[in-house]
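Working notes for the structure below.
Every number in this text was worked out from the coordinates using simple rules, so none of it is lab data. Being a predicted model, the structure only gives us computed values, none of them experimental. Because the Cβ atoms are built from the backbone with ideal geometry, glycine has one as well, and the counts that use them run over all protein chains shown.
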Amino acid sequence: FQMDVSIAVSLIRGQMGTVVERAVNTAVETVLAEMLKVVGVKFEELKAQVVVMKRDVMALQREKALKEKENDNIRAKLRYTELKLKYYRQGVEEELQQRASASALIH
């Protein structure tokens, strides 16, 4: 009887081992599948964020180009105004010198 019990236990262990192994494998596969789903969702979210960020960067680059063009236009106007002011000053100085010369001749 003792021998029969140990053979039975050994058979049960063998069968249980297979059942436990299958259960563990199934559990591992289930966990891995769920992890991949989560990772996949996170990856898709990251990809979407990257797309939005690239769009934002392009918009900022366009805005920067426009601002640089505006700055160039303002600089050009400033240079033009400075030149006009320079010539105006020269004209005023010449006018003052001519008046001073005319005044000296009269007196």
>> Taking 0.36 nm per residue of sequence separation and subtracting the Cα-Cα distance, how much length would be gained by fully extending the chain between R79 and Q98, in nm to one decimal?
In response: 4.0 nm
>> Rounded to two decimal places and with Rh computed the Kirkwood way over Cα pairs, what is Rg over Rh for the chain?
In response: 1.92
> Taking the simple approach of a point 7 Å from Cα along Cα-to-Cβ for both L46 and T18, what is their distance in nm?
Replying inline: 4.3
> Lys pairs in the chain, Cα-Cα under 24 Å, at least 8 apart or on separate chains: how many?
Replying inline: 10
> Give me the Kirkwood hydrodynamic radius of region 11-54 in Å, from all C-alpha pairs, to one decimal place?
Replying inline: 12.9
> Can you give the angle from 0 to 90° between the axis of helix 2-106 and the longest principal axis of the chain, with both taken from C-alpha atoms, to the nearest 10?
Replying inline: 0
